[in-house]
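The values are calculated or read from the model by the stated rules, or taken from the named source; none is laboratory data. Because the structure is a prediction, the values reported are computed rather than measured. All Cβ positions, glycine included, derive from the backbone under ideal geometry; neighbour counts span all protein chains shown. These area figures cover heavy atoms from the full protein model, side chains too; ligands, DNA and RNA do not enter into them. Shrake-Rupley method; radii C 1.70, N 1.55, O 1.52, S 1.80 Å.
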Amino acid sequence: MVKPISFFLSLGLCLHAQDTAGVGSLQGKVTDAAGAPQPGAEVCLKDTGRCAKADENAQFRLTEVRAGEYRIEVSLPGQPKVTSAAIVVHAGLEATVEVALPRIDAAQQSVTVTESAFVAPEEIKSSSFLVQPVEIFKSAGALQDVARYVQTLPGVAIGSDDFRNDIIVRGGSPLENLFVVDNIEIPNINSFANFASAGGTVSILDAGLIQDVTFLTGGYPAPYINRVSSVMQVAQREGSREKFGGRATLGFAGAGTILEGPLKKGKGSWIVSARRSFLDLFTKDVGFGGVPVLYTFNAKALYDLTPRDRIWGVTISGVDKIRLGATEDSDPEEEVSNFDIRYNGWRSATGFNWQRLFGTRGVGLLGVTHSEARLTSTVKDLIRSGKPLTGPIDEVLAASPVVYRDDSREGESTIKYDLTAYAPGFDKIQAGGSYKIFQIRYDSASPLGNDSPYSRVPGLNAFALQREFRAYQQGAYFQATRGLAPKLSLTWGGRYDRYPYIDKARFSPRVGLSYRLSDKLSWRATYGSYYQQPFFLFLSAFAENRGLTPFRADHMVTGFTYVANSTLRFTVEGYVKNYKDYPVALQFPSLSLANLGDTFNVRDTLFPLTSAGRGRVRGIEFFVEKKFTDKWFGQANFAVSRTRHAALDGVYRPGNFDYPYIFNAVGGYRLTKKWELSTRFAYLGGRPYTPFDLRESTAQRRGIFDLARVNGERARDYVRVDVRADRTFTVRDKPLLVFVGVQNILNRKNFAGYVWNRRLNAEKFNEQLGAFPLIGMEWRF
């Protein structure tokens, strides 16, 4: 008979994770109540049939454990089994546990679970961070948006606008980041986005559904495809397998609800989230000529067919619209008042996954996914003629010319398979492949061209793009991890990718080493080459662009990690990132696409290109992290870096995202059971910008850069302080969380850029978001 008792459990969740098969692993040591090792103990996951025996050192290991909640059973010869409290195994994470068995004669048993996030798995060697959902949900300034929280991690910076959530990783463009949600590759996880960007205003993912987030900023392994700066892996949680429940939410992304419940007597579960923004219910103008409207829907269903077979389906979608521009009450000093901009967007990603466990030999994961996005937009220029039109606003809008319109659609279907196995001569091997089909329909036009600030000639690059086509992409990878010595581990491999649309193929080698200098201190190093095909919109806009090749980034990373205790760690890491074959402008010798991407203005990113760009980034990062405990959590980091890019003229200049110094500090503290506080401090050294040629700009009544000083000036430093307070009430015996906060509480006028106001024919300082109040709530029922 199994005793309903628990034992001491010290649990370590891996910070550096790689989820390619939807499983985690569990390893640890078994001791008695006095701490003496217990070799020969049998450790089982209750009701699964998965067991392992402790070796002569009392160590045990269970590999390929499905993500989920488990109880551990431990037995010794001649003694009854003992059972732990529930623990959670996370996909892609390696848990390390220390099991202390209770005294047999103890009348009362208790359990203590101490979590550690700092046990590194074998195949991830560097530049990886695990983000817990409490950090996203409760951190000041994150707005419950995973992308905004990630902006606080080492080597990550914001773009040129606080209103956007672009991720700038180690000097790279926002276009260089890969998003994977529950094994679905999603081109963009954000609302109010276009096909030439990877950011937006807020994520369409609901933070209430997130289980954990793994963020890789360099030197990542072979399974990841077609991005050269970072990988964000989001694992969404299961719904409850025990009972129906839910919560109502209110926040920056809108008001909504989450519902969840079991499937067929606990063999599976389902969970759904639906949200809608609400500002349009109270006003038609929030200060820029309109109000954003956003709907999101997320859902996940999971079912265990057999002890070895699990299936799950996921869907993520968002619908958004916004109007920007002139109204009767517009401020003429705002450049947006010179336009009439209308945008409607829709994006969705759906995937089905089948996971098969091959006993102790490995696990396979088959994924079939489809993502699609459509947007329509028009841009009218009210003073295209050079002088403002006069009259009632409706007549002015009707008479103004359309300078850009878009009614386009992009779809991506993928079938992929990932295998993790253990074979003679290798501790672990991983292999897989994918086949992608892209269905593209572009109907875009810029009939009057673009008045590029890089050119003294107005109206360049007029185009009318009407194309519908299908494209393909194939990829495969192999990766092996092996212990070369008791303290030395090697991961090596590579991937092959074929890009038929541009008739190119590339092989990308990857290698990493880790060495444990002591139980708490380790050294790691990685090298890898990474390739990315330019977006289809860039390839299609002009005939010259069809000759572009995949651009390349070589990562070299090394550093040390010191784990002070189960929740506290320190890291220092240095890196080099070299770019080659980057798309650069044919007409503007100093302009590289590497310096663009954090914008809503699509026209600024469309021009004839060639693969002649080079770049180099160097940096060092210091990081300290305290994971969430009963009282507080926090992390702080300091980065020093140098980013240089060369366009067609071959001159290395500071990149647009060259922040020489970045310091972030984020933390939260629980004052009582009812009150919690959190704050964020951000400091970024002034980024470079190109000043206007004032004489030529005045003469043409539009902004024209001084090309002798491209990125030759520095803005003043960026400083921001965010605060938030949480108060928990009880309503109908259920917890109600209410929070209030202020973003940029100091109301600092941070630099966004200089713009040329054509109505006033003068340069104007453009500032980022000022003090911005926030309020929200969550009620669980």
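Annotations
- Pick from the range 56-80, criterion hydrophobic (A, V, I, L, M, F, W, C) and closer than 23 Å to residue 267 by Cβ, ranking: most open to solvent (accessible area, probe 1.4 Å): 67
- Condition met for residue 565 (touching a Lys or Arg at 6+ places or on another chain (Cβ under 7 Å) and open to solvent by 30 Å² or more (accessible area, probe 1.4 Å)): no
- Count of residues meeting criterion [closer than 17 Å to residue 204 by Cβ, modelled with pLDDT of 85 or more and among the aliphatic types (A, V, I, L, M)] in the range 251-293: 6
- The set of residues from the range 296-332 being of a type in the set (A, V, I, L, M, F, W, C), in a loop (DSSP other than H, G, I, E, B) and closer than 25 Å to residue 354 by Cα comprises just one member, 305.
- Matching strands (runs of 3 or more DSSP E) fully within the range 663-764 where at least 2 residues are in contact with a Leu (Cβ under 7 Å, 6 or more places away or on another chain) and in contact (Cβ under 8 Å) with a residue 24 or more places away in the chain: 718-731, 734-743
- Qualifying position, being in a strand (DSSP E or B), free of Cβ contacts under 8 Å to residues at least 24 places away in the same chain and among the β-branched types (Val, Ile, Thr), among 572, 511: 511
- Sub-7 Å Cβ pairs linking a first residue in the range 30-44 that is at pLDDT below 85 to a second residue that is exposed (fewer than 14 other Cβ atoms within 10 Å of the Cβ), at least 6 apart or interchain, are 33/103, ordered by first then second residue.
- Search result, residues across the range 615-648 that are at pLDDT 95 or above and open to solvent by 60 Å² or more (accessible area, probe 1.4 Å): 616, 618, 620, 622, 638, 642, 648
- Among the residues of the range 351-363, the one identified as of a type outside the set (S, T, N, Q), open to solvent by less than 10 Å² (accessible area, probe 1.4 Å) and either within 30 Å of residue 385 (Cβ to Cβ) or under 25 Å from the mean Cα position of the chain (by Cα) (or both) is 351.
- All of (1) assigned to a strand (DSSP E or B); (2) open to solvent by less than 20 Å² (accessible area, probe 1.4 Å) hold for residue 290 with one exception: (1).
- Residues located in the range 477-523, provided they are open to solvent by less than 60 Å² (accessible area, probe 1.4 Å), out of contact with any Leu (no Cβ under 7 Å at 6 or more places or on another chain), within 30 Å of residue 547 (Cβ to Cβ) and not aromatic (Phe, Trp, Tyr): 494, 495, 497, 500, 505, 506, 508, 509, 510
- Looking only at the range 398-412, residues that are farther than 20 Å from residue 451 by Cβ and either of a type outside the set (A, V, I, L, M) or open to solvent by less than 50 Å² (accessible area, probe 1.4 Å) (or both) come to 6 in all.
- Residue match in the range 704-711 (condition: under 30 Å from residue 381 (Cβ atoms) and touching a helix residue (DSSP H, G or I) at 6+ places or on another chain (Cβ under 6 Å)): yes
- Failed item in (1) open to solvent by 70 Å² or more (accessible area, probe 1.4 Å); (2) within 30 Å of residue 289 (Cα to Cα), with residue 472 passing the rest: (2)
- Filtered by the rule that a residue be at pLDDT 80 or above, of a type in the set (Ser, Thr, Tyr) and assigned to a strand (DSSP E or B), the range 45-82 gives 70, 75.
- Filter result for the condition that a residue is outside any strand (DSSP E or B) and crowded, with 18+ Cβ neighbours inside 10 Å, over 348, 337: 337
- Residue in the range 671-694 that is modelled with pLDDT under 95 and aliphatic (A, V, I, L, M) present: yes
Each row is one residue, and each column tells you yes or no for (1) basic (Lys, Arg); (2) in contact (Cβ under 8 Å) with a residue 60 or more places away in the chain.
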| position | (1), (2) |
| --- | --- |
| 568 | no, no |
| 587 | no, yes |
| 591 | no, yes |
| 594 | no, yes |
| 601 | no, no |
| 604 | no, yes |
| 613 | no, yes |
| 626 | yes, no |
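- Criterion: among the aromatic types (Phe, Trp, Tyr), over 24 Å from residue 623 (Cα atoms) and either within 28 Å of the chain's Cα centre (by Cα) or open to solvent by less than 50 Å² (accessible area, probe 1.4 Å) (or both) - qualifying residue of 663, 692, 729: 692
- Scanning the range 236-249 for residues that are surrounded by fewer than 24 Cβ atoms within 10 Å (Cβ to Cβ) and out of contact with any helix residue (DSSP H, G or I) (no Cβ under 8 Å at 6 or more places or on another chain) yields 238, 240, 241, 242, 243, 244, 245, 246, 248.
- Of all residues making up the range 568-587, the number that are out of contact with any helix residue (DSSP H, G or I) (no Cβ under 7 Å at 6 or more places or on another chain), open to solvent by less than 10 Å² (accessible area, probe 1.4 Å) and more than 15 Å from residue 658 (Cβ to Cβ): 2
- Residue within the range 304-321 that is over 26 Å from residue 376 (Cβ atoms), open to solvent by 60 Å² or more (accessible area, probe 1.4 Å), charged (D, E, K, R) and at pLDDT below 95 present: yes
- Residue in the range 453-468 that is surrounded by the most Cβ atoms within 10 Å (Cβ to Cβ), counting only those that are within 16 Å of residue 544 (Cβ to Cβ) and within 32 Å of the chain's Cα centre (by Cα): 465
- Here the range 376-391 is the region considered, the condition is being in contact (Cβ under 8 Å) with a residue 60 or more places away in the chain and in a loop (DSSP other than H, G, I, E, B), and the residue that is farthest from residue 450 (Cα to Cα) is 388.
- Screening residue 85 on (1) in a strand (DSSP E or B); (2) at pLDDT below 80; (3) of a type outside the set (Ser, Thr, Tyr) shows it passes everything except condition (1).
This table checks each residue for (1) among the aliphatic types (A, V, I, L, M); (2) free of Cβ contacts under 8 Å to residues at least 60 places away in the same chain; (3) on the phi < 0 side of the Ramachandran plot.
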{"site": "137", "(1), (2), (3)": "no, no, yes"}
{"site": "145", "(1), (2), (3)": "no, no, yes"}
{"site": "158", "(1), (2), (3)": "yes, no, yes"}
{"site": "163", "(1), (2), (3)": "no, no, yes"}
{"site": "168", "(1), (2), (3)": "yes, no, yes"}
{"site": "175", "(1), (2), (3)": "yes, no, yes"}
{"site": "183", "(1), (2), (3)": "no, no, no"}
{"site": "189", "(1), (2), (3)": "yes, no, yes"}
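- Residues that are open to solvent by 50 Å² or more (accessible area, probe 1.4 Å) and either closer than 30 Å to residue 187 by Cβ or aliphatic (A, V, I, L, M) (or both), drawn from the range 413-428: 415, 417, 419
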